[in-house]
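The values are calculated or read from the model by the stated rules, or taken from the named source; none is laboratory data. Since the model is a prediction, treat every value here as computed from it, not as a measurement. FYI the Cβ positions are ideal-geometry reconstructions off the backbone, even for glycines, and counts take in every protein chain you see.
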């Protein structure tokens, strides 16, 4: 099988942002935020039930929980942001 070749001279950075990109970015951030919330709920349930002890030692579980909380906070912040003024539709 031959490796896929990326066309030269085209870079994602060369694209001009559009309103459609802004809408899809906010939609994507909202979807990732929802996924992060579900993951947080899963880890909280692991903790409450005590099942985490079957899979992790205490230090590892705490480290993972910190990562989950950080990811949730980050995605929630990204989902709440408005599009930059340059990307908003002209009124």
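Given 15, 2, which one is over 25 Å from residue 76 (Cβ atoms), modelled with pLDDT under 95, touching a helix residue (DSSP H, G or I) at 6+ places or on another chain (Cβ under 9 Å) and exposed (fewer than 10 other Cβ atoms within 10 Å of the Cβ)? Before you say what the answer is, go through the steps one by one.
Details: 2 fails: touching a helix residue (DSSP H, G or I) at 6+ places or on another chain (Cβ under 9 Å).
Going through 15, 2 in turn, the sole match is 15.
Taking the condition of being within 24 Å of residue 77 (Cβ to Cβ) and in contact with a helix residue (DSSP H, G or I) (Cβ under 7 Å, 6 or more places away or on another chain), how many residues in segment 37-63 meet it?
The qualifying residues number 4.
Give all pairs with beta carbons closer than 9 Å in which a residue from segment 23-49 that is more than 16 Å from residue 60 (Cα to Cα) meets a residue that is loosely packed, with under 13 Cβ neighbours inside 10 Å and at pLDDT 95 or above; count only pairs at least 6 apart in sequence or on separate chains.
Note: pairs meeting the criteria are 45/51.
Just checking, which of 21, 67 is exposed (fewer than 13 other Cβ atoms within 10 Å of the Cβ), part of a helix (DSSP H, G or I) and either more than 16 Å from the chain's Cα centre (by Cα) or modelled with pLDDT of 95 or more (or both)?
Matching residue, one of 21, 67: 67.
So, in segment 24-36, of the ones that are at pLDDT below 95 and out of contact with any helix residue (DSSP H, G or I) (no Cβ under 8 Å at 6 or more places or on another chain), which residue ends up farthest from residue 75 (Cα to Cα)?
The residue in question is 24.
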